[in-house]
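Engineer: Submitted below is the structure of interest, expressed as structure tokens.
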């Protein structure tokens with residue numbers, strides 16, 4: 001049985017958001033989840049980056065740092081950003097939105 005840990009977001013818990021830690025899965029559980037398409041993205045919990053399951057950068061990460069997501073929405077709502085290697089378009093949009101937020105922040109400080 002998979003131990004899905006509820007992720008804390010600020011002071012409230014989002015019961016609909018789960019990420020699955022790779023180190024808590026057996027090989028057979030992982031294969032079953034992949035075949036059933038219940039996990040579609042992988043992420044690095046230390047760097048807070050997510051990407052495709054076949055990303056070269058993601059394949060090199062340590063098992064203890066790897067987490068899985070059921071959707072891109074789930075990953076972004078948990079504070080992860082797109083990978084610059086395998087999700088270039090999403091990464092560019094993320095980077096541009098971050099620049100706009102920084103610019104607005106600087107304008108307010110002046």
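The values are calculated or read from the model by the stated rules, or taken from the named source; none is laboratory data. Source: prediction; values computed, not measured. Glycine gets a Cβ as well: all are built from the backbone with ideal geometry, and neighbour counts include every protein chain shown.
Engineer: Let me spell it out: the conditions are (1) surrounded by 12 or more Cβ atoms within 10 Å (Cβ to Cβ); (2) out of contact with any strand residue (DSSP E or B) (no Cβ under 6 Å at 6 or more places or on another chain), and residue 75 meets all of them except one. Which number is the exception?
Structural biologist: Status for residue 75: all satisfied but (2).
Engineer: On the basis of being touching a strand residue (DSSP E or B) at 6+ places or on another chain (Cβ under 8 Å) and at pLDDT 85 or above, does residue 33 make the cut?
Structural biologist: The answer is yes for residue 33.
Engineer: Whether any residue in the stretch 12-26 is touching a strand residue (DSSP E or B) at 6+ places or on another chain (Cβ under 7 Å), on the phi < 0 side of the Ramachandran plot, part of a strand (DSSP E or B) and at pLDDT 95 or above is what I want to check.
Structural biologist: no
Engineer: Would you tally the residues in the stretch 47-59 being farther than 16 Å from residue 72 by Cβ and at pLDDT below 95? Spell out the reasoning first.
Structural biologist: So in the stretch 47-59, the residues farther than 16 Å from residue 72 by Cβ come out as 47, 56-57, 59.
If we keep only those that are at pLDDT below 95 too, we end up with 56-57, 59.
Residues meeting the conditions: 3.
Engineer: For residue 94, only one of the following conditions fails: (1) farther than 17 Å from residue 53 by Cβ; (2) touching a helix residue (DSSP H, G or I) at 6+ places or on another chain (Cβ under 7 Å). What is its number?
Structural biologist: For residue 94, the failing item is (2).
Engineer: What is the one condition in (1) out of contact with any strand residue (DSSP E or B) (no Cβ under 6 Å at 6 or more places or on another chain); (2) assigned to a helix (DSSP H, G or I); (3) surrounded by 12 or more Cβ atoms within 10 Å (Cβ to Cβ) that residue 51 does not satisfy?
Structural biologist: (2)
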